[in-house]
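Engineer: Below you will find the structure I want to go over with you.
The values are calculated or read from the model by the stated rules, or taken from the named source; none is laboratory data. Values in this document were obtained by computation on a predicted structure and should not be read as measured data. Methodologically, a virtual Cβ is constructed for each residue, glycine included, from the backbone with ideal geometry; neighbour enumeration extends over all protein chains shown.
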Amino acid sequence: MIKVFGHKSPDTDATCSAIIWSWYLNEHSLRDAQAFVLGELNTETQFVLNYWNTDTPQLLEQLDANDEVIVVDTNNPQELPENINDVQLVQLIDHHKLVGGLQTAAPVDITMRPLACTATVLHDLMGESVVSALPREIAGLMLSCILSDTLEFRSPTTTPHDKDVAEKLAAQLEIDLHSYANEMFAAKSDISSFSDKGLVTLDSKKYGVGDKNFRVSVLETTTPQTVLARKDGILSAIAEVIAEENDVDEVLFFIIDILNEEATVLTYNDLTKKVIETSFGVTVEGDTEVLPGVVSRKKQILPALKL
């Protein structure tokens, strides 16, 4: 059996793409596959699975050297199990930039395309004949991935093809795309069940800037004031995360306001102030800074970071 999974801190695209591709392999190939997750799901992803009557994938607790795996929605070893280079990676499907560091003992099937989400890549790999006859729940998961990663087409990562695929899937499912997206974002904005530390690590990627290593955390919401009301606790949790992780010098915490299309970043010490000022050409005067138009970590935040 092939184990299919995405990155740590699994979001909607990583989780649902693993489910979608496992379904495809089981139904349209000779391979047996099972989807897994590498961590706790966020509220949006759990809403999506519940909405489309799909079971939550099993948590992958360990990998053995003889395991065959398929990785979706990342190619970064830091976002994968520590022994990822020791297992049999047979396929990788992604939409992020090439990071490097993955190693295999045999040739591997790799598909990486400049699209807004992995599910759009999967759509294209399946072909129109398969997509037109998708089970309702699989089509729903695919649509959810696109809406999540594009913030309903607000993100600059959105391509015309992503939008076209989403609109066709919505028509196929006979649902109102905008209303469904609003339901997803409302679920995403409910952070009441997460601890402050959970918010810091919920959607987070490690990223090197100069001689410093950052954990870049993003929280997408329609109610940013709900997050800012917990600022003191989040700052304490950031200090705890830094103390626990030997490879992280600092945490950059961005609150993405989906509706107003802007980011508020916590600038709570000299290093965070410096990197935000240098990267975005602003003058930071307090412990938060609003960055108009910034909604995408992939396209607007990570590429801009510098010291």
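Engineer: Checking the conditions here, which among ILE146, ILE175 is out of contact with any strand residue (DSSP E or B) (no Cβ under 8 Å at 6 or more places or on another chain), closer than 19 Å to TRP21 by Cα and at pLDDT 95 or above?
Structural biologist: Details: ILE175 fails: closer than 19 Å to TRP21 by Cα.
Matching residue, one of ILE146, ILE175: ILE146.
Engineer: When you check VAL275 against the structure, is it more than 12 Å from LEU199 (Cβ to Cβ), in contact with a Phe, Trp or Tyr (Cβ under 8 Å, 6 or more places away or on another chain), β-branched (Val, Ile, Thr) and assigned to a strand (DSSP E or B), yes or no? First the steps, then the outcome.
Structural biologist: Details: more than 12 Å from LEU199 (Cβ to Cβ): yes; in contact with a Phe, Trp or Tyr (Cβ under 8 Å, 6 or more places away or on another chain): yes; β-branched (Val, Ile, Thr): yes; assigned to a strand (DSSP E or B): no.
Taking the combined requirement at face value, the residue does not satisfy it.
Engineer: While we're on this one: With region 208-270 as the region, which strands (runs of 3 or more DSSP E) entirely inside it contain at least 2 residues that are free of Cβ contacts under 8 Å to residues at least 24 places away in the same chain? Steps first, answer last, please.
Structural biologist: Details: elements: 212-221, 250-257, 262-266.
By residue number, no strands (runs of 3 or more DSSP E) qualify.
Engineer: Right, here's the next one. Looking at ASN26, ASN42, which one is assigned by TED's automatic domain parsing to the domain that holds ASN76, out of contact with any helix residue (DSSP H, G or I) (no Cβ under 9 Å at 6 or more places or on another chain) and not acidic (Asp, Glu)?
Structural biologist: ASN26
Engineer: Is it true that THR74 is assigned to a loop (DSSP other than H, G, I, E, B) and either over 22 Å from SER195 (Cα atoms) or not acidic (Asp, Glu) (or both)?
Structural biologist: Judged against the criteria, THR74 is a match.
Engineer: Output yes when any residue across region 118-131 is crowded, with 16+ Cβ neighbours inside 10 Å, over 19 Å from GLN34 (Cα atoms), of a type outside the set (Phe, Trp, Tyr) and out of contact with any strand residue (DSSP E or B) (no Cβ under 7 Å at 6 or more places or on another chain), and no when none is.
Structural biologist: yes
Engineer: A follow-up question, please. Need pairs with beta-carbon distance below 7 Å; first residue in contact (Cβ under 8 Å) with a residue 24 or more places away in the chain and polar (S, T, N, Q) and within region 280-292, second surrounded by 10 or more Cβ atoms within 10 Å (Cβ to Cβ) and in a loop (DSSP other than H, G, I, E, B); sequence gap 6+ or separate chains.
Structural biologist: THR288/THR267
Engineer: Hey, does region 18-27 have a residue that's surrounded by 15 or more Cβ atoms within 10 Å (Cβ to Cβ), in contact with a Pro (Cβ under 7 Å, 6 or more places away or on another chain) and in a strand (DSSP E or B)?
Structural biologist: no
Engineer: To continue, here is another question. Quick one: which residue in ALA186, ALA133, ALA116 is small (Gly, Ala, Ser) and more than 26 Å from VAL71 (Cα to Cα)?
Structural biologist: Working: ALA133 fails: more than 26 Å from VAL71 (Cα to Cα); ALA116 fails: more than 26 Å from VAL71 (Cα to Cα).
Sole residue among the options that is small (Gly, Ala, Ser) and more than 26 Å from VAL71 (Cα to Cα): ALA186.
Engineer: Return a yes/no flag: does region 265-281 have any residue that is under 20 Å from the mean Cα position of the chain (by Cα), surrounded by 14 or more Cβ atoms within 10 Å (Cβ to Cβ) and at pLDDT 95 or above. Quick ask: steps written out before the conclusion?
Structural biologist: Of region 265-281, the ones under 20 Å from the mean Cα position of the chain (by Cα) are 265.
Cutting the leftovers down to surrounded by 14 or more Cβ atoms within 10 Å (Cβ to Cβ) gives us 265.
So of that shortlist, the ones also at pLDDT 95 or above come out as 265.
Yes, because at least one residue in region 265-281 is under 20 Å from the mean Cα position of the chain (by Cα), surrounded by 14 or more Cβ atoms within 10 Å (Cβ to Cβ) and at pLDDT 95 or above.
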